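Contents: one structure, followed by commentary.
The values are calculated or read from the model by the stated rules, or taken from the named source; none is laboratory data. Just so it is clear, the structure is predicted and the values come from calculations on it, not from any experiment. Glycine gets a Cβ as well: all are built from the backbone with ideal geometry, and neighbour counts include every protein chain shown. For accessibility, only protein heavy atoms count, side chains too; no ligands or nucleic acids. Shrake-Rupley method; radii C 1.70, N 1.55, O 1.52, S 1.80 Å.
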Amino acid sequence: DELTTIAVSATASYREKFAAEELASYLNKITGKELSVITVDSSMVPDGTIAIGELSVSSGMISREELGPIGEDGFVINIADNKGAICGWRDLGTVYGVYELLKQVGVKFYAEDCEIIPSKSKLKIPELHLAIKPHYDLRTIFKYDVYFKGITPSMKLGYTPNDDMGYHGDLGAPGERNWVHSASFMMPYRIFGKEHPEYFALNKSGERVKPGEGPPGHLCLSNMEMRETGAERLLHLIEKQENRTSFVVTQGDGRSNSWCQCSNCKALDAIPGDHMTDRLMDYVNYNARVVNEKYPGKKILTLAYTEATSRPPERVMPDPNVMVMYCPYPPQTPCQSHGLDCPENSQGFAELQGWIEKCPENMYIYDYPRGYRVWYEPFGSFYAMVDKMNFYASNGIKGIVQCVVPTSFTDLFVFVQGVLFWEPDADVEKLIDEFMDAYYGEAAPHMREYFNFMHNEINTRNVHQGCESPNPDLVTAEYADNALVMFDKAQNAVADDPAALYRVELEKFCLLFSDVNQRNTINDELTISMPEHSKRLAETVRIAREMEVIRVGNMPNMMNFKNWLRSVSLLTLQSEPWYYDPGVDAFLNNPENIFIY
Ligand SMILES: [Zn+2]
Ligand SMILES: [Zn+2]
């Protein structure tokens, strides 16, 4: 018999309703038939129906006992006797459960715009009993949408959605996505600065800091009145977002010299004014206890970040509801191309191991898998991620936040990372092949060749790429020559497959950008002929126009593609955005003319 109806309870949450609509929509794409989503009374789920969410429990199709072991993000699927039920430990798990059922009937989720949906006239779901939970409690990407035009961590790929993270907008900072350094939203200077300058950090000259002086949001963490006021504001935030799980309590951005120099703060330190982890833990635990009284189950996230707090605490251990995001960040962890066992990363690795030893139940990771200075250099952090995930999985790490994702092989990185969140032992090489076949079509073998070439170069030439610096070492003139041959083959293979061609060219753009950036007529480092260089420059511009690239990094000449172009060529464009400038077509039609003017 066929399943024809999807049912939710009358009190279904927005995520349960979303899960039901998703299931109906995909099953419609598979079978061509409209499935209705109905609301049913808790005791009677008709034959031919899949119950979604709490209805599964109230109708007796899934028991509370079954849900216990798969908390907090797992789910149970029971399909038997011409009826089915999908329910998570909480409603988020129900959404993952729906995607799992779709995978069971042959749907493949690879990326936002790359899914495989089979076609079947009749949908017969075999008897099925699954209970699945992710290996990690938190699985997300910070600021994904800022670097990749509105793309957010996908539940289809197993990620924690943004709407499970505390959102500071409700504290009067609308649009604020920088939840990782929360101090300036918890205690904004514009609200408290005038009446309570003592809430803010004392600098080395003995003055309370004001906005614009050093990194924002550095607080005097020992000030009890500040703590009370801040905790009240945190409770207020949670009250407005009760269905969210994780709330961040951290100091502002910046290194140890930004931290408060007052004697009360220093008295909380293990090494006064140098190693502030105990001070931070004291402050974070204060908030965590206030929250736990009213909202047990909420998690308070904080950072082990820079030399200020990257060492584990000496006296004050995190409370059970505090999760510490250790940051494998330079200078302690300067290499993002290799795992933590890269000799360059020995200090960071030792610190993290210290944390794991002292606080084995409280550890998350906040990682840096890309370049933040030059956005479009090929950045080979893929196998570093895989190596680290192996270490994290076997050392009790409970959550992973990626600070954005690399621009190289972005969707592959996101896909594989998503699988490893749920199945740490998954066969990564097999996943890469499967992904590339779906994503690059006929170009897959050539893209695999380039992917292997890139990571092989990183390993054999000992290239250690860093997230906070330009990384010119990888793309040498010879690297560019070799890689361009592979890209030619890849482009030819998918000449009549626009989606695959676009994806190939995204990758080629990184190569061309890095090549032109390092060797051009302005810096006089050209190693190839003028016609060949102008051809590469033209293709860089052509692909950039297709991608509508605006910002290319966080360096003076990289705030805008137009400025970057001026810094590497004689091409000056006037229009905003640059790709509407008639000079673009003039150049693309006759690239060599640029050197004749
Ligand atoms: Zn202080
Ligand atoms: Zn390295």
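Roughly how many Å² is the accessible area per residue of segment 440-595, as a whole number, for a 1.4 Å probe?
Heavy-atom SASA per residue in segment 440-595 reads 43 Å².
Under 28 Å Cα to Cα from LYS124, which lysines show up? Leave out anything in the same chain fewer than 8 places away.
LYS17, LYS29, LYS33, LYS83, LYS103, LYS108, LYS133, LYS156
Could you tell me the extents of segment 457-528's C-alpha atoms along the three principal axes, largest first, rounded to whole Å?
Principal extents (Cα only, largest first): 36, 29, 22 Å.
Would you report the distance distribution of C-alpha pairs in segment 43-194 as whole percents per 10 angstrom bin, up to the bin with the largest distance?
It works out to 10, 30, 28, 18, 9, 3, 1, in whole percents.
Suppose only helical runs count, i.e. DSSP H with n ≥ 4. What mean residue ellipticity at 222 nm does that imply for the chain under -39500 (n - 2.57) per run, divided by all residues and rounded to the nearest 500 deg cm²/dmol?
The helix-only estimate for the chain comes to -12000 deg cm²/dmol at 222 nm.
What's the carbon and sulfur percent of segment 68-151's accessible surface, probe 1.4 angstrom, rounded to a whole number?
51
At 1.4 Å probe size, with the rest of the protein present, what percent of the exposed accessible area of segment 263-302 is carbon and sulfur atoms? Walk me through the numbers on the way to the answer.
Working: 730 of 1550 Å².
Ligands and nucleic acids excluded, carbon and sulfur reach 47 percent.
How about segment 313-370: which trypsin sites (Lys or Arg not before Pro) there lie in a loop by DSSP and see at most 16 other Cβ atoms within 10 Å?
Within segment 313-370, the qualifying trypsin sites (Lys or Arg not before Pro) (loop, at most 16 other Cβ atoms within 10 Å) are ARG315.
Dividing the Cα convex hull volume of segment 450-597 by residue count, how many Å³ per residue is that? Can you show the working numbers first?
On the way: hull volume 18.0 nm³, N = 148.
Here the figure is 122 Å³ per residue.
Which whole number of Å³ per residue matches the convex hull of the alpha-carbon atoms in segment 168-307?
Details: hull volume 14.4 nm³, N = 140.
Per-residue hull volume (Cα only) is 103 Å³.
So how do 31-39, 416-424 stack up, highest first, on mean other-Cβ count within 10 Å? Walk me through the numbers before you get to the answer.
Numbers: 31-39: 13.8, 416-424: 20.3.
Descending packing order for the listed peptides: 416-424, 31-39.
What relative contact order, as a whole-number percentage, does the chain give when Cα pairs under 8 Å and 6 or more residues apart are counted?
9
Please report, in Å, the Rg and the Dmax of segment 1-96, where both are computed over Cα atoms only.
Both quantities, over Cα of segment 1-96: 12.2, 37 Å.
Tell me the accessible surface of PHE487 in square angstrom (1.4 angstrom probe, heavy atoms of protein chains only), to the nearest ten.
My reading of the accessible area for PHE487 is about 0 Å².
In vacuum, with every alpha carbon of segment 138-407 counted as one equal point scatterer, what does the Debye formula give for log10 I(q)/I(0) at q = 0.08, 0.12, 0.13 Å⁻¹? Two decimals, please.
-0.31, -0.72, -0.85
Give the lysines whose C-alpha is closer than 16 Å to that of LYS298, dropping any in the same chain fewer than 8 places away, or say none.
LYS240, LYS398
Could you work out the relative contact order of segment 138-407, using alpha carbon pairs under 8 angstrom and six or more residues apart, expressed as a whole percent?
Over segment 138-407, the number comes to 17 percent.
Please give the solvent-accessible surface of HIS338 in Å², to the nearest 10, using a probe radius of 1.4 Å with every protein chain present.
Per-residue accessible area (HIS338): approximately 30 Å².
Around LYS398, which amide H atoms from residues at least 5 apart in sequence, or from another chain, sit under 5 Å from its own amide H, with H modelled in the peptide plane?
Distant-sequence amide H within range of LYS398: MET363, TYR364.
How many angstrom lie between the Cα centre of segment 66-92 and the Cα centre of segment 557-597?
Each part reduced to its Cα centre gives a spacing of 56 Å.
In terms of modelled amide H atoms, which long-range or inter-chain residues lie less than 5 Å from the amide H of ALA7?
Residues meeting the criterion, in which the H sits 1.01 Å from N, are ILE38, ILE50, ALA51, ILE52.
How large a share of the accessible area of segment 356-409, in percent, is made up of carbon and sulfur atoms when the probe is 1.4 Å and the other protein chains stay in place?
Within segment 356-409, the accessible surface is 49 percent carbon and sulfur.
Relative contact order (percent) for segment 239-312, with alpha-carbon contacts under 8 angstrom and 6 or more residues of separation?
The value is 41 percent.
Can you give the Rg and Dmax of segment 515-597 based on its C-alpha atoms, in angstrom?
11.9, 32
Provide the three semi-axes, in whole Å and in decreasing order, of the ellipsoid equivalent to the chain as defined by the square roots of 5 times the Cα gyration tensor eigenvalues. Working shown, then result.
Working: eigenvalues 317, 279, 92 Å².
After diagonalising the Cα gyration tensor, the semi-axes are 40, 37, 21 Å.
Measure out, as a whole number of angstrom, how far apart the alpha-carbon centroids of segment 489-530 and segment 11-43 sit.
Between the Cα centre of segment 489-530 and that of segment 11-43, the gap is 45 Å.
What Kirkwood hydrodynamic radius, in Å, does segment 227-282 give when the mean of 1/r is taken over all pairs of distinct Cα atoms and then inverted?
13.0
Once you treat every alpha carbon in segment 130-207 as an equal point and sum by Debye, what is log10 I(q)/I(0) at q = 0.11, 0.16, 0.21, 0.28 Å⁻¹?
Listed by q, the Debye log ratios stand at -0.46, -0.75, -0.99, -1.35.
Using just the C-alpha positions of segment 52-141 as equal point scatterers, what log10 of I(q)/I(0) does the Debye formula give at each q in 0.10, 0.21, 0.26 1/Å?
Cα-only, vacuum Debye calculation for segment 52-141: -0.27, -1.03, -1.30.
Tell me, what is the per residue accessible area of segment 310-404 in Å², probe radius 1.4 Å?
30
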